[in-house]
Amino acid sequence: MLLSIGALIIELHPLRFSTVQALTLIVEAALLLVSGATTNNAIDDRNSSVREILEEQIRASRYPGIQYVVTDSAGVVFEYDGGMADIAHGAPMTPGTTMMAYSMTKTYTAVAVLQLIERGQVNLDDSVTAYLDYVPYGRALTVRSLLAQMSGIPNPIPLRWAHAAEIHASFSEDAALRRVLSENPELKFPPGTRYAYSNISYWLLGKVVEKVSGRRFPSYMADNIFGPLGLSPQEAAFTIVGGGAHAKGYLKKYSWLNIFKGFLVDESLIGDYEGSWLSIRDHYLNGPAFGGLIATARAVARFLRDQLREHSVLLSPATTKLFYAQQRTISGEPVPMTLGWHIGDLSGTPYYYKEGGGGGFHSEMRLYPSRHIGTVIMVNETSSSCTDTQDELDAEFVR
């Protein structure tokens with residue numbers, strides 16, 4: 001074939017190419033073909049290895065179902081959907097199956113706040129009381145300290161901060177928040193002095209978004225985050241999609257979480273045993289801004305892809321730079337947070353991440369700036385972390 005290419009070159013350009021020149025072109029073409037074949041074989045080998053790791057998780061019953069997506073700025077690099085979304089009904093996990101994202105929501109909430117900062121409607125170093133006069137923590141609590149998890153606000157176990165889907169229409173988020181604030185009225189340390197995680201911090205940020213925008217938080221997110229990303233309500237929203245497109249969440253039958261579930265989860269959310277798994281009934285978190293996102297891994301990958309691009313559709317370049325700047329305490333000590341991302345490291349490769357976990361689901365999304373890729377894993381099981389699984393999978397793509 002290569003000789004015929006050379007003959008064709010000479011035939012088409014008899015005056016321009018000598019035999020030596022033609023042979024040179026043949027050699028270069030051969031090298032390109034070999035290089036391309038080698039690259040394709042390496043990608044195929046890598047993808048096969050990653051797929052085998054994922055399928056072993058299902059065979060070993062570590063998770064009922066998994067979604068895992070790797071993306072770069074141009075599109076999906078690798079995607080896997082396997083296992084079961086609903087064991088009792090034999091429904092498989094598909095690319096269109098939604099799951100609870102839980103605390104991964106917080107990064108999206110941070111984007112919403114940064115949009116309002118970009119528009120001049122919120123000041124990063126304003127006291128939160130400038131927007132929410134009922135907050136009991138004093139004027140030293142700033143928007144920045146909430147975003148960077150340096151607020152000093154307590155972080156009680158939030159597993160009971162959820163309600164059954166059946167009562168969602170009549171549920172009062174505002175009453176639930178006021179109750180939590182009344183039960184946790186004092187700071188654990190002065191804002192800005194150190195890092196300590198708090199779900200309440202991001203619940204309050206959601207209320208800042210509502211106060212400033214004049215809209216309910218889910219509505220603001222639909223028009224300002226999901227819409228610009230081209231995501232439909234069936235892909236990313238704060239409501240459970242019907243028609244069996246939402247996965248059931250599960251606990252392992254033989255796990256510590258199952259043994260102590262009565263102390264951790266409202267009994268109204270406990271479903272039936274399905275083989276070696278205990279199902280968790282459909283539910284919503286009491287505060288959407290700290291963990292209420294319901295999405296597919298594909299939808300999360302769309303967000304990651306936007307963040308990998310030179311120009312985000314969500315934030316200006318200046319605000320994007322602010323978004324990824326590592327934060328410091330008021331004494332100048334760095335903390336493992338930006339204004340919405342945690343900072344991690346995989347075998348010397350730094351990444352930004354946000355993990356989420358709760359009743360029946362676990363997930364984590366990551367951005368590897370030096371490798372120009374993002375990854376997300378979502379599973380419908382909450383007894384164990386999926387972080388070590390993601391470490392093993394991501395290592396195949398960041399080498």
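Is there a residue being out of contact with any helix residue (DSSP H, G or I) (no Cβ under 6 Å at 6 or more places or on another chain), assigned by TED's automatic domain parsing to the domain that holds Gly138 and closer than 19 Å to Ala165 by Cβ anywhere in segment 249-257?
Let us first name the residues in segment 249-257 that are out of contact with any helix residue (DSSP H, G or I) (no Cβ under 6 Å at 6 or more places or on another chain), namely 249-250, 252-257.
Keeping just the survivors that are assigned by TED's automatic domain parsing to the domain that holds Gly138 gives 249-250, 252-257.
If we keep only those that are closer than 19 Å to Ala165 by Cβ too, we end up with 249-250.
Checked against the condition, which is being out of contact with any helix residue (DSSP H, G or I) (no Cβ under 6 Å at 6 or more places or on another chain), assigned by TED's automatic domain parsing to the domain that holds Gly138 and closer than 19 Å to Ala165 by Cβ, segment 249-257 yields at least one hit.
Considering only residues that are more than 19 Å from the chain's Cα centre (by Cα) and of a type in the set (A, V, I, L, M, F, W, C), look in segment 323-354 and name the one that is surrounded by the fewest Cβ atoms within 10 Å (Cβ to Cβ).
Ile330
Do any helices (runs of 4 or more DSSP H) entirely within segment 118-222 hold 1 or more residues that are surrounded by 15 or more Cβ atoms within 10 Å (Cβ to Cβ), of a type in the set (Gly, Ala, Ser) and in the same structural domain as Ala237 (by TED's automatic domain parsing), and if so, which?
143-147, 173-183, 199-213
Identify all residues within segment 83-110 that are out of contact with any Gly (no Cβ under 6 Å at 6 or more places or on another chain), in a strand (DSSP E or B) and surrounded by 20 or more Cβ atoms within 10 Å (Cβ to Cβ); write none if there are none.
Asp86, Thr98, Met99, Met100
Yes/no matrix, rows are residues, columns are (1) under 21 Å from Ser232 (Cβ atoms); (2) surrounded by fewer than 21 Cβ atoms within 10 Å (Cβ to Cβ):
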{"position": "His283", "(1), (2)": "no, no"}
{"position": "Gly287", "(1), (2)": "no, no"}
{"position": "Phe290", "(1), (2)": "no, no"}
{"position": "Leu293", "(1), (2)": "yes, no"}
{"position": "Leu304", "(1), (2)": "yes, no"}
{"position": "Ser312", "(1), (2)": "yes, yes"}
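Give segment 20-71 a look and list any residue that's at pLDDT 95 or above, closer than 26 Å to Arg309 by Cα and of a type in the set (A, V, I, L, M), or say none.
Within segment 20-71, Val50, Val69, Val70 qualify.
The values are calculated or read from the model by the stated rules, or taken from the named source; none is laboratory data. Since this is a predicted model, take the numbers as computed values, not measurements. Every residue, glycine as well, gets a Cβ built from its backbone with ideal geometry; the counts of neighbours run over all protein chains shown.
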